[in-house]
Amino acid sequence: MVLTFPGGISLPTNTNALKNSLLLKDVPQVMLPLGDAEEAYTLTVCQGEEVPAGGLVATLGDGTPIYSSIAGEVTGIFEKGGMHYVSVERKNGQNDTPPVPAREPESKRLDDMTAEELLDAIKTLGIHDLWSGDWLWRRLTPLVGKIRRVVVDTTDDSGASFTEYRSTLRHPGEILGGAKILLHLLGATKAILLVDMSRQKVKEAFTTMINDPALLVMAETQVKYPMREETLFEAIYVRHLKWGCTAEEDGVLFIKAQTAAQLYLSMLTGLPHTTRTLTAAGEGFGKNAVITLPLGTPWKTVLEAAQFKGGAYRTMVNSLLGGKQAEGAIDGKAEAVYASMPLDRKPSHCIACGKCAEVCPMRLMPYKSLTQRSYLSAKRIAAVCIGCGCCEYVCPAAIPLREKITRHKG
Ligand code: SF4
Ligand code: SF4
């Protein structure tokens with residue numbers, strides 16, 4: 001089924017994000033996340049000390065290194081929204097320098113490396129996993145020997161985002177390299193490159209590069225937003241994930257194309273992971289663009305670069321419907337930011353059309369959260385709902401379904 005979101009909210013229909021590419025260099029400040037209040041860390045620099053791009057600023061309790069993504073001066077630690085950050089500010093006139101390596105470029109053949117050696121390298125290189133928002137080594141460690149298929153997801157989470165599309169066109173070879181590293185590390189037997197069927201150029205890029213079809217294959221998926229693990233799994237395997245079961249428990253690892261490319265590039269060069277690519281799109285921006293910037297860049301710098309118009313426009317990170325406001329710094333999961341007018345419709349009564357159930361990526365029946373008689377169903381819906389807002393968006397009665405569902409949480 002193709003979900004196009006008819007009416008209701010002003011979606012960025014005419015976006016130039018695909019045409020425009022911005023490389024944000026020389027950002028004045030970065031805020032590097034150290035984790036929430038529970039996460040232990042040790043600072044390896046003092047306030048006022050200068051660090052190069054790629055310089056170590058802190059080590060988390062489990063040994064995960066935190067590198068600065070710009071050259072500058074450490075200006076302190078602060079807390080925002082329950083997260084701790086270390087702030088690095090560029091000094092006047094200081095230009096961006098290439099990051100310093102975190103380790104030697106990998107010289108061993110992939111086949112000669114053990115899973116432990118690879119995990120250690122991934123940890124040292126500070127690679128973020130865009131799919132989970134966590135550190136890649138943390139996500140992969142419990143999965144060694146338990147994964148059959150690695151699915152590299154080159155699709156974007158909405159029709160207005162071009163982050164993975166652009167990253168895939170820029171780095172098809174690196175993505176294949178990253179997929180091969182993951183296959184070897186996890187002991188998986190095949191990698192599937194998942195391509196949005198409307199992205200012809202991605203198909204062409206991979207078609208000419210795949211020289212080992214026994215190991216790497218391409219699969220196409222129809223456009224359906226949001227693309228979550230459940231919907232992508234269904235698109236590939238033409239069956240649902242077992243209720244309450246994750247794809248990883250079914251032996252399938254989903255990884256974003258950007259992360260696969262970063263894995264290969266960092267292993268090859270020994271350079272830590274210090275950049276991120278994301279899309280800024282929507283009528284609330286003067287300039288729609290795919291932006292590459294240092295990790296930890298404050299959202300206000302991103303919004304300025306995209307010429308955010310302010311006023312009644314609101315920003316939403318990652319989701320056009322259920323995204324949170326762009327505040328603080330870009331985090332491990334930030335892939336897109338949208339700016340549009342808020343949804344402004346007058347709610348009426350449910351007409352039992354079933355549209356909300358049809359679009360829900362979690363296969364829920366959101367209308368069941370509306371009546372007291374369905375109390376148990378409502379609790380179940382609240383427990384599984386990912387808050388994407390698709391149901392609310394298509395509801396012809398304009399019922400604020402997410403709010404109704406959240407009522408039953410806990
Ligand atoms: S907000 Fe929840 S119930 Fe509504 S479509 Fe998304 S996952 Fe389904
Ligand atoms: S989409 Fe709206 S009107 Fe239709 S069944 Fe769901 S809640 Fe009711």
| request: Run down Ala352, Ala378 and say which single residue is within 8 Å of ligand 2 (Cβ to nearest atom), over 14 Å from Gly322 (Cβ atoms) and in contact (Cβ under 8 Å) with a residue 12 or more places away in the chain. | output: Ala352
| note | The number of residues in segment 116-154 that are aliphatic (A, V, I, L, M), part of a helix (DSSP H, G or I) and farther than 28 Å from Glu230 by Cα is 2
| field | Criterion (more than 20 Å from Leu216 (Cα to Cα) and not charged (D, E, K, R)) met by exactly one of Gly145, Gly187, Gly159, Gly177 | value | Gly159
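Do we have Tyr338 as outside any loop (DSSP other than H, G, I, E, B), among the hydroxyl-bearing types (Ser, Thr, Tyr), outside the structural domain of Thr231 (by TED's automatic domain parsing) and closer than 22 Å to Thr297 by Cβ here?
Yes.
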| request: Scan Arg276, Arg239 and give me the residue that is of a type outside the set (Gly, Ala, Ser) and either in the same structural domain as Met362 (by TED's automatic domain parsing) or over 24 Å from Met31 (Cα atoms) (or both). | output: Arg239
| query | Can you spot a residue in segment 301-319 that is in contact with an Asp or Glu (Cβ under 7 Å, 6 or more places away or on another chain) and more than 11 Å from ligand 1 (Cβ to nearest atom)? | reply | yes
| Which residues, counting only those in segment 301-326, are of a type in the set (Lys, Arg) and more than 19 Å from the chain's Cα centre (by Cα)? | Lys309, Arg314
| query | Hey, any hits in segment 288-310 for a residue that's in a loop (DSSP other than H, G, I, E, B), more than 17 Å from Ser132 (Cβ to Cβ), among the hydrophobic types (A, V, I, L, M, F, W, C) and in contact (Cβ under 8 Å) with a residue 12 or more places away in the chain? | reply | yes
| query | So which residues in segment 355-367 are within 9 Å of ligand 2 (Cβ to nearest atom) and either closer than 14 Å to Arg402 by Cβ or surrounded by 21 or more Cβ atoms within 10 Å (Cβ to Cβ) (or both), if there are any at all? | reply | Cys356, Val359, Pro366, Tyr367
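Considering only segment 29-67, state which residues are under 19 Å from Lys80 (Cα atoms) and either free of Cβ contacts under 8 Å to residues at least 12 places away in the same chain or more than 21 Å from the chain's Cα centre (by Cα) (or both).
Within segment 29-67, the subset under 19 Å from Lys80 (Cα atoms) is 29-43, 47, 57-58, 60, 66.
Gln29, Ala37, Glu38, Glu39, Ala40, Tyr41, Thr42, Leu43, Gln47, Val57, Ala58, Leu60, listed by residue number.
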| query | Only one of Arg380, Arg345, Arg402 is outside the structural domain of Thr246 (by TED's automatic domain parsing) and modelled with pLDDT under 80; which? | reply | Arg345
| If you check every pair at least six apart or on different chains, which have Cβ atoms under 7 Å apart with a residue in segment 322-340 that is surrounded by fewer than 23 Cβ atoms within 10 Å (Cβ to Cβ) first and a residue that is of a type in the set (Val, Ile, Thr) and part of a loop (DSSP other than H, G, I, E, B) second? | Ser340/Ile9
| With respect to Cys391, is the statement that it is within 9 Å of ligand 1 (Cβ to nearest atom), under 23 Å from Ala160 (Cα atoms), hydrophobic (A, V, I, L, M, F, W, C) and buried (at least 17 other Cβ atoms within 10 Å of the Cβ) true? | yes
| query | When segment 76-103 is examined, which residues are found to be in contact with a Gly (Cβ under 8 Å, 6 or more places away or on another chain), over 21 Å from Ile127 (Cβ atoms) and of a type outside the set (Gly, Ala, Ser)? | reply | Lys80, Glu89, Arg90, Lys91, Gln94
| message | For segment 243-273: of the residues being among the polar types (S, T, N, Q) and crowded, with 22+ Cβ neighbours inside 10 Å, which is farthest from Arg363 (Cα to Cα)? | response | Ser266
| field | Which listed residue is farther than 20 Å from Thr292 by Cα, outside any helix (DSSP H, G or I) and among the basic types (Lys, Arg), from Arg276, Arg239 | value | Arg239
| remark: Log entry, pairs with first residue in segment 162-190 being assigned by TED's automatic domain parsing to the domain that holds Leu215 and within 21 Å of Glu204 (Cβ to Cβ), second being acidic (Asp, Glu) and surrounded by 24 or more Cβ atoms within 10 Å (Cβ to Cβ), beta carbons closer than 8 Å, six or more apart or on different chains, reads Phe162/Asp156; Thr163/Asp156; Glu164/Asp153; Glu164/Asp156; Tyr165/Asp156
| Cβ pairs under 9 Å, 6+ apart, first in segment 215-234 and at negative phi and outside the structural domain of His184 (by TED's automatic domain parsing), second crowded, with 17+ Cβ neighbours inside 10 Å and at pLDDT below 80 | none
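The values are calculated or read from the model by the stated rules, or taken from the named source; none is laboratory data. All values derive from a computational prediction rather than experimental measurement. Ideal geometry is used to build each Cβ from the backbone, glycine not excepted, and the neighbour counts take in all protein chains shown.
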